[in-house]
C-alpha cells in the first residue's frame, strides 16, 4: 500500500467527529481575511512572480527568523543571493523545522497551490523549485488568481492615514475582481512624538494629504479627521493600532497641545509627556471610530527591533521583534471604561501578543459587552507568535471559558504573502479537531447541526456580520 502523503484530506483531523465537522461545514466556507499586510498595488496591478523564492521570501520575517536560527548567513536570508540559492537554503532548513508551524504552513502551501505533496528538503529542492516556477507561469497564479482560487471574498489591508488609497479605488472600480479590498486605518505614526524629527516629517505628510497647514495641535486633529473621512469614503470600516500597551493617563487638553508644540519646535519629550500624548490619541481615535460605526483592533504587546545590529543594517520588520511584558489591565480598563461611559466605545478586537494576557484580556472585555450587539468585544485570534496550533487552542479555550466562542470572528493571516490564505484552512482543521475531540469525550453534544452551525459561524458568518465589508453571511 502506498504511503499516505504528509498533507492529506484528514490532516490534523484526529477523530471522526472532527472529520464530519471539517468536511461537512468548515471546508466549504469562503474566507474573510480581515487583517493582512498585503500590498494593495499588487492586487490592483495583478502582480506575477518569476520564482517561488520571489513569492515566498519577499517580506516573510517568519522565514528570515528561522533561517538565522538554522545558522544561515544573512546573504541567503535578506541579502543579494540568487533565487535558487535562497530556496536551497530554505529547503535545507525545512527538515529542521519539525514542530514549528512553518513546517505545516509551507507544506500546506505547496500542496494546495502547486499540488506538491513531497516533503521539501535538500533531496527534493530542485524538483520542487522547478515545478513551482513552472506553475507560476500559468494564468491562475497572479495575485488576483491566488485570491480567487483561495475562496477569499474580502481582504482588509493595513494603511497609513497619508495613503491615497488609489489602489483600493482601482480595485473597487474593476468589475472583474470579485474580492473586496478594504482599507484599514492604521494611525500608529500619529502616536509617536518620541520619534522627534521622524514624527514631524510624518505630520507634514499628513498635512499635505489633508491639504492643510498643521500649525498647531487643533490642525493636527483636524487633518486626522479629514483623512478618517477620506478612508470612510473609500470603504474603510475598521481601524488597527499596534501598541506596546494601552495608555490612559490623566491629562488636560492644554498639556497635550503643549507636548505637540514642543516636539514640533524640535524639543524632546519626557516619558510622562509621551504617555500623556499617547493617552489622548488612543481616546481620540476611539471616538472617531465610534462616530462612524467602525470596528477597532488593538494588536498589543510587541517589543520591536531588538537587534540593533540588524536594525541599523536592514531597518524594521525583519524578524527581530518579540513579546513584551508591560502591564495593561489598568490602562485598558480606564480607556474602555471612559469610552463606554460616554457611549463612544466602538466594536473592539484585542489581540494580546503575550499569551499570559489571554485570560486578562478576555475577562476585561466581558466588562464592556453592552447587550446591543452580540460579540461586540472580541478576544482576537492567536496572533504572530501564537498563530500556531497550541496558541490557537489556548486562545479558543480561554474564549470558550470566559466568553462566547460561538460569537468568535475567527482567523486572519496578518500576512504579506498571497499564499498565506492556507492558514485559514489550518485554523479550521484545528478548530474542528478540538470540537470533535470534545464531542467524542462527551463534553459537547453530539449534535452536528448545533456544533456544525457554530463552526460555520466561526469560519465565516460571524466576521461577515461583524465587519461592514458588504459581504453576506451564509446559511
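No value in this document is a laboratory result; all are computed from the given coordinates. Everything numeric here is computed off the predicted structure, so don't read it as measured data. Cβ coordinates were reconstructed from backbone atoms using ideal geometry, including for glycine residues, and neighbour counts include every protein chain displayed.
Taking the Cα of residue 262, stepping 7 Å toward and past its beta carbon, and measuring to each backbone N in the range 207-226: which are under 20 Å?
The answer is 215-221.
For 117, 129, 466, what's the fewest-to-most ordering of other Cβ within 10 Å of each Cβ?
Neighbour counts put them in this order, fewest first: 117, 129, 466.
Would you order 411, 392 from fewest to most other beta-carbon atoms within 10 Å of each residue's own beta-carbon?
392, 411
Efficiency by 1/(1 + (r/R0)^6): what FRET value for residue 174 and residue 309, r their Cβ-Cβ distance, R0 = 56 Å, to the nearest 0.05? Could the numbers behind the result be given before it?
Details: r = 44 Å, r/R0 = 0.78.
The pair residue 174/residue 309 has a calculated efficiency of 0.80.
For a Förster distance of 41 Å, can you work out the FRET efficiency between the beta-carbons of residue 253 and residue 475, rounded to the nearest 0.05?
For R0 = 41 Å, the calculated efficiency reads 0.20.
So if we plug the beta-carbon distance of residue 344 and residue 28 into 1/(1 + (r/R0)^6) with R0 = 56 Å, what FRET efficiency do we get, rounded to 0.05?
For R0 = 56 Å, the calculated efficiency reads 0.90.
Along the Cα-to-C-beta direction of residue 9, a point sits 7 Å from the Cα; which residues of the range 416-439 have their amide N less than 17 Å from that point?
429
Taking 0.36 nm per residue of separation and subtracting the Cα-Cα distance, what length does fully extending residue 201 through residue 317 add?
39.7 nm
Please tell me the relative contact order of the chain in percent, rounded to the nearest whole number, where contacts are Cα pairs under 8 Å and at least six residues apart.
Worked out over the chain, it gives 21 percent.
Return 409, 439 ranked ascending by Cβ neighbour count within 10 Å, so the fewest neighbours appear first.
Going from least to most buried by this count: 439, 409.
If I stretch the segment between residue 69 and residue 272 completely, what's the gain in nm (0.36 nm per residue apart, minus their alpha carbon distance), one decimal?
Using 0.36 nm per residue and subtracting the Cα-Cα distance, I get 69.3 nm.
Given that just one value was derived from the coordinates, which of (1) 52, 29, 20; (2) 49, 35, 21; (3) 37, 28, 22 is semi-axes √(5λ) of the Cα gyration tensor in Å?
Only one listed value fits the structure, namely (3).
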